[in-house]
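Worksheet for the structure shown next.
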Amino acid sequence: MLLALTLSGCGGSSDEGSIAESPVAEGPQAAALASSGTPAGRTWRAGQLLENGGTEVVAYKAGMADGSGAVIAVFVQKIGARYQLQAVRGTPGSASTAPAWTAPAVISGAADPAMQPGNGSWDLGLSVAPGGRAYATWFVRRACTATTYVATPGATCNYLYGAAFDGSNWGMPELIADSPRNWGAPIPRINDSGDIAVLHEGWVAPGSAIGMQRVAVAARLQGQSSFARSVFADWTLQAAIGLGSDVDLQLDAARNLTVAGRSLRAGTGDIVARRGTVGGSFRAQEVIDAGSADASFLGLAAGPGGRSFVQWRQAPAGSATPVIWGAASASATGTWAARHLGTSASAYSGWLQAPGSGAWAGSGLFHTTTCQRTPWSATTQAWGVAQALPAGCDAWRSSATQRAQAADGKLLWMANDGRWSSYDLAMNQITRPLAAAGSLTAADTLFGFPISTLTSGRLFGANLGNATLMVSSSGLGALVTSGTLAALPTAGTPGGINGAVYSLWGWFLQ
C-alpha cells in the first residue's frame, strides 16, 4: 500500500519556544529512538572545512545517499586562473569514529563551469541515488556552431555537461546538449542502476515551429555513450513557467520517468504530466487538474513502480480562493486521482514525500488553522480521511528553518540559531521537539549552544538560505553550507571568526 500524505502547520503563532511543552526523549528512550532509525538520540559531530583552495566557493550543491547516509557535495571554486567544479564525499562514521570527508577532486576536466550572464547564476545540478551513485550537471560557455540553438558561429552558446559518480570514482565530463537556459537550472536524476535523465530547456532548430523554450528531457541507460533527447512541443517555458519552480522530473529504479508541472494552455495555467521510460519514449501529455482557474505547481514526488504524486494550488469551481490539491497515480500508466487537500494561505510552505520502498508517500502543507496529513492508498486508489499530526508541528511552518526529508518519511528541521527537531512519519511522532531557547542542553543545537542572528547569517545566509539539510531513512543527518566564517563558533568564540570569502563546511548528525 502506498499512502500520500498532506502535512499542515498548526495554528497561529510561529514562536518556536511554544513546543517546549512536548516531552523530550532522554536516556533509554533516546537510545531506543536512535536505534530504531530516527534522528532523535543522535548528536551533531564537529563541523569540517570541505575545501582547501583558499578562494571563494561561488556555488555548490549537496545530496545524501539514503542507504548509507553518505553525502556528495560539488562546488565551483577558482583554481589559478580557471573556475573548476570539484567534488567531495563524506561518510558519517560511527559512535566511535569521526565523520570523514575526501579531499576535493576536480571533476569538470577541461569543461570549465561558467556563470550565466545577466543573472549571476552558476546553475549547478546534482542528483544522488539511494545506493550512492551521483550525477552532477553544469554549463560551459563557448562558441556557437551552425547546429546549435543559435546558428551563428562566433557567438557564445550554453553547453550542458554532466559527470557521473559510480560510488567510487567520477567519470569524464560528457556533453548532454546545448541548451539556452533562460527559464531555470537543469535538473538531473540518477537511479541505482546508473540510468540518467536531465530536465532542461530544449529546442529543435532556430526558427523552427518548435523553436526554443520548450521543456525537454535528455536520458540514457547505464553504459550508453550518448543521450536521447525528447522535446515537448506542447510545453513552453517562459517567464511564468520555469524549470524547478514550475516543472520537475522524477526517475525511479524501474527507469520510469515522470515530468509534471504547470503548462499554459489557452492562456490558463494547467497541471500536466508526461510519462515515459529511459531507453523508451514519452506518451502524450496528460492534463491532471480538472479546474478552469489558473493553477500553480507545488511539487512532484515518485515512489516505486512508477507511482507519482503531484501537488498544486488552484481555486475550485465557483470560488475565487485557491486551495491545495493533490493527485496520485498508482503506476507508470495509471490514471490520476485528484482531491482537494486543504485550504491555501500565505504561510504555505509544503513538501512532498515519497519512499523508494515502504508504505508511505505524500505531501506537506502548512497554514494557520490545521495540522494534518491525508493518506492515499495505491491498493484502492482512493484518498482517506485526514489524520491529525502531534502537537508542536507549528514550529515546522516557520520560514526561518531548513527542512529535510528521508525516503521513508523521516523529517528533520533546523532553526536559524542551530536548534533542531525531527518527526517520524511511520510513528506519527515528533521524535525530537524543538527545545525552547531558554532551556537548552548541548545536544539541542548544532554547536552545543545557540548562535546569534549575525553569526547565523554569516554561516548559513538569511533564514539558512545557503544551507542544505539532509536526513536518511536510517536517521542519519547532515548539513552542508557556504558562508563567510573562516572558523566555526566555539564556546570561547561563539561568533566564530569571519573571513573574506565564502567557504564550504559540513556536519553529520550521528
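Taking Asp270, is it open to solvent by less than 30 Å² (accessible area, probe 1.4 Å), within 18 Å of Ser329 (Cβ to Cβ) and under 22 Å from the mean Cα position of the chain (by Cα)? I'd like the intermediate steps shown before the answer.
Values: open to solvent by less than 30 Å² (accessible area, probe 1.4 Å): yes; within 18 Å of Ser329 (Cβ to Cβ): yes; under 22 Å from the mean Cα position of the chain (by Cα): no.
In short, no.
Does the range 215-233 hold any residues that are open to solvent by 30 Å² or more (accessible area, probe 1.4 Å) and closer than 16 Å to Asp248 by Cβ, and which are they? So that I can check it myself, show each step before the final result.
Step one: of the range 215-233, the residues open to solvent by 30 Å² or more (accessible area, probe 1.4 Å) are 221-231, 233.
Within the range 215-233, just Ser230 meets the criteria.
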From Ala404, Ala388, Ala382, grab the single residue that is over 24 Å from Leu434 (Cα atoms), among the small types (Gly, Ala, Ser), surrounded by fewer than 22 Cβ atoms within 10 Å (Cβ to Cβ) and modelled with pLDDT of 65 or more. Ala382
Candidates Ala216, Ala253, filtered to the one that is closer than 21 Å to Leu124 by Cα, in contact with a Ser or Thr (Cβ under 8 Å, 6 or more places away or on another chain) and either touching a residue at least 12 places away in the same chain (Cβ under 8 Å) or not acidic (Asp, Glu) (or both): Ala216
Go through the residues of the range 489-502 one by one and say whether even a single one is open to solvent by 10 Å² or more (accessible area, probe 1.4 Å), free of Cβ contacts under 8 Å to residues at least 40 places away in the same chain and closer than 12 Å to Val57 by Cα. yes
Hey, among Gly326, Gly350, Gly303, which residue is open to solvent by 20 Å² or more (accessible area, probe 1.4 Å), among the small types (Gly, Ala, Ser) and at pLDDT below 85? Gly350
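Would you please name the residue that is surrounded by the fewest Cβ atoms within 10 Å (Cβ to Cβ), looking only at residues in the range 64-122 that are outside any loop (DSSP other than H, G, I, E, B) and of a type in the set (Phe, Trp, Tyr)?
The selected residue is Trp101.
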Selection within the range 97-115 - in contact (Cβ under 8 Å) with a residue 60 or more places away in the chain and closer than 13 Å to Ile72 by Cα: Trp101, Ala105, Ile107
Does Ala253 meet the test of being modelled with pLDDT under 95, touching a Pro at 6+ places or on another chain (Cβ under 8 Å) and open to solvent by 10 Å² or more (accessible area, probe 1.4 Å)? yes
Of the numbered conditions (1) closer than 15 Å to Ser296 by Cα; (2) part of a strand (DSSP E or B); (3) open to solvent by 20 Å² or more (accessible area, probe 1.4 Å), Ala260 fails exactly one; give the number of that condition. (3)
Do we find that Leu237 is buried (at least 22 other Cβ atoms within 10 Å of the Cβ) and in contact (Cβ under 8 Å) with a residue 60 or more places away in the chain in this structure? no
All but one of (1) under 27 Å from Ser121 (Cβ atoms); (2) more than 17 Å from the chain's Cα centre (by Cα); (3) surrounded by fewer than 19 Cβ atoms within 10 Å (Cβ to Cβ) hold for Asn463; which doesn't? (2)
Strands (runs of 3 or more DSSP E) completely within the range 415-510 that count 1 or more residues being charged (D, E, K, R): 420-424, 429-432
Here is a list of conditions, (1) at pLDDT below 95; (2) over 24 Å from the mean Cα position of the chain (by Cα); (3) open to solvent by 60 Å² or more (accessible area, probe 1.4 Å), and Ser281 meets all of them except one; can you say which number that is? (1)
State whether one or more residues within the range 478-488 are closer than 20 Å to Gly131 by Cβ, touching a strand residue (DSSP E or B) at 6+ places or on another chain (Cβ under 8 Å) and not β-branched (Val, Ile, Thr). yes
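The values are calculated or read from the model by the stated rules, or taken from the named source; none is laboratory data. Every value quoted in this text rests on a predicted model; they were computed, and no experiment measured them. Please note: Cβ atoms are built from the backbone with ideal geometry, for glycine as well, and neighbour counts cover all protein chains shown. For accessibility, only protein heavy atoms count, side chains too; no ligands or nucleic acids. Shrake-Rupley method; radii C 1.70, N 1.55, O 1.52, S 1.80 Å.
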